[in-house]
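This report concerns only the one structure given below.
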Amino acid sequence: ESAITRPKGYTVSFHCNPDMEKHHFGMTHPMKPWRLTLSKSLIYSYGMSFAMDNYIARAATYEELADFHSTDYLDFLGTVLPEPVPRDLENQNPDLRFNLGGSDCPLFEGLYDYCSLSAGGALDAARKICYKQSDIAIAWGGGLHHAKKAEASGFCYINDIVVAILQLLRFHPRVLYIDIDVHHGDGVEEAFFSTDRVMTVSFHKYDPNNFFPGTGALDDNGPKNEQNPGAHHAVNVPLNDGITDEQYDMLFNTIVGRIVERFRPTAIALQCGADSLAGDRLGRFNLQVQGHGACVEFCKKMNLPLILFGGGGYTPRNVARAWTYETSIAIGCQEKISPMLPQHAPWRQQFRQDTLFPTLEQILGEPRQNRNPQKRLQDIVQHVTEQLRFVQA
Ligand code: TV1
Ligand code: CA
Ligand code: ZN
């Protein structure tokens, strides 16, 4: 077996911080920061650290966070104390400022450190891209796409993606944001609603009454006022349960391909939420590691500076598989790594199957029913194609 080598004339940087990964949202909370430790352990076991520039992410400063967030919110976030008794779904006490302290966004020990380290990694990645010191920068600890200017939402407190894109915009005229988390990337969409320098596209499960956050309909495309530069610059791809690799690949390639053609971004920010994988605790899709990774591969082929963010992902063993495979795609060693997980690692039992690419049957027993008729997908492609006629770089 040959060693993983550094791609010639090509730099991948990897930004993480072990201090971020030790935080706990609470026993039953689906968000498990240790999934980052598991992912890293698999990435390192494959020897990929030798093919990347590895950085310990620093904490983002208050001023950096204040580029997007309100100081009222940051001041509160910096001073609130953890609650003595953790809440659960049954114990919702809506005495909440800034939506903090409910079951989705609990107050836990070290919350501010957790948030500033996540944003610090994302910002470090953005700076590497701005100064052309990386071709692809990876921040698996980022991707917290629901956070608003002055509000926590859906497990997200600080929107590291928005902060990172604001940094990119200091050097790049146009940034394309792509979001393959199973949830709608509402916070990022909203932050760049009124500008034509950022296009946002989110693929997500859409069911306004039964699936969080309930926004992101096909015809939600930015401000309705044509005078607003942001008009037509939000693309939404609402999907149903059970979508497969093949369908997702067709949609992603067609839609992202056409957006790149029209909008001509100078950098791409890709949120790789792994809750769109089959078998996710919160997700509803039938994507496999290969199909999820194909999105990263497609973006890399655009040959533009690229940031990869993490995001959701609630079945840690599958999160680790996806982000490991995607790290290998960034490096370009995906053909060289063994589909069998490396032997003799202490965490090996976490993975149940010893392959990087478990089959749907291995993941689910029985695959989830696919509720995405081909006709509906064609209609989505057609809507987006018509929308893009209004976009000009
Ligand atoms: C504590 C303990 C919190 C168990 C939350 C699932 C829990 C959820 C829990 C949960 C859960 C959500 C809502 C309902 C809004 C609420 C990182 C009025 C078993 C990017 C965020 C999903 C996804 C929030 C984040 C959602 C991301 N689903 N068990 N909470 N209310 N919240 O529906 O996009 O992946 O589920
Ligand atoms: Ca999404
Ligand atoms: Zn999600």
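The values are calculated or read from the model by the stated rules, or taken from the named source; none is laboratory data. Since we're looking at a predicted model, the values are computed, not measured. All Cβ positions, glycine included, derive from the backbone under ideal geometry; neighbour counts span all protein chains shown. All accessible areas refer to the heavy atoms of the entire protein, side chains included, with ligands and DNA or RNA removed. Shrake-Rupley method; radii C 1.70, N 1.55, O 1.52, S 1.80 Å.
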Margin query: Could you sort ASP280, ASP207 by their accessible area in this structure, using a 1.4 Å probe and putting the largest first?
Written below: ASP207, ASP280
Note to self: Over the Cα atoms, compute the radius of gyration (one decimal) and Dmax (the largest Cα-Cα distance, rounded to a whole number) for the chain, in Å.
What the structure shows: 19.7, 61
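Compare MET52, MET302 by solvent-accessible area with a 1.4 Å probe and give them largest first, with all protein chains kept in place. Each step should come with its number before you reach the end.
Values: MET52 5, MET302 55 Å².
My answer, sorted largest first, is MET302, MET52.
In the stretch 349-383, which trypsin sites (Lys or Arg not before Pro) are in a loop and have at most 13 other Cβ atoms within 10 Å, using DSSP for the loop call? Kindly include the intermediate steps, with their values, before the conclusion.
Values: sites: ARG352, ARG368, ARG371, LYS375, ARG376; in loops: ARG352, ARG368, ARG371.
Within the stretch 349-383, the qualifying trypsin sites (Lys or Arg not before Pro) (loop, at most 13 other Cβ atoms within 10 Å) are ARG352, ARG371.
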Next item on the list: Quick one: check the C-alpha center-to-center distance for the stretch 261-280 versus the stretch 141-181, whole angstrom.
Entry: 12
Next item on the list: Among THR254, ALA122, TYR112, flag the residue with its Cα farthest along the positive direction of the charge dipole of the chain, charges on Cβ as +1 for Lys/Arg and -1 for Asp/Glu.
Entry: THR254
Next item on the list: Measure out, as a whole number of angstrom, how far apart the alpha-carbon centroids of the stretch 284-334 and the stretch 183-224 sit.
Entry: 21
Next item on the list: Quick one: accessible surface of GLU83, probe radius 1.4 Å, all protein chains present, in square angstrom to the nearest 10.
Entry: 50
Next item on the list: Quote the accessible area belonging to ARG258 in square angstrom, nearest 10, computed with a 1.4 Å probe and with ligands, DNA and RNA left uncounted.
Entry: 100
Notebook entry, point to check: How much of ASP219 can a 1.4 Å solvent probe reach, expressed as accessible area in Å² and rounded to 10?
Noted result: 90
Notebook entry, point to check: What dipole magnitude, in Debye to the nearest 20, does the chain give about its Cα centre under +1 on Lys/Arg Cβ and -1 on Asp/Glu Cβ?
Noted result: 1060
Note to self: Which one, GLY332, SER194, GLY78, is farthest towards the positive end of the dipole of the chain when Lys and Arg carry +1 and Asp and Glu -1 on their Cβ?
What the structure shows: GLY332
Check: Dipole of the stretch 286-384 (Lys/Arg Cβ +1, Asp/Glu Cβ -1, origin at the Cα centre): which of GLN369, LEU306, VAL289 lies farthest to the positive side?
Finding: GLN369
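What's the local net charge at ALA231, with K and R +1, D and E -1, over the other residues with C-beta under 15 Å away?
Working: positive: ARG197, LYS224, ARG262, ARG389; negative: GLU189, GLU190, ASP196, ASP219, ASP220, GLU226, GLU386.
So the environment of ALA231 carries a net charge of -3.
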Notebook entry, point to check: Say a paramagnetic label sat at a point 7 Å from the Cα of ALA345, along Cα to Cβ; which residues of the stretch 5-27 have their backbone N under 18 Å from it?
Noted result: 5, 14-18, 21-22
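Determine the share of the chain's accessible area contributed by carbon and sulfur atoms, expressed in whole percent, with a 1.4 angstrom probe.
Numbers: 8090 of 16250 Å².
Summing carbon and sulfur atoms, their accessible area is 50 percent of the total for the chain.
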Next item on the list: Could you do me a favour and compute the accessible area per residue for the chain, 1.4 Å probe, result in Å²?
Entry: 41
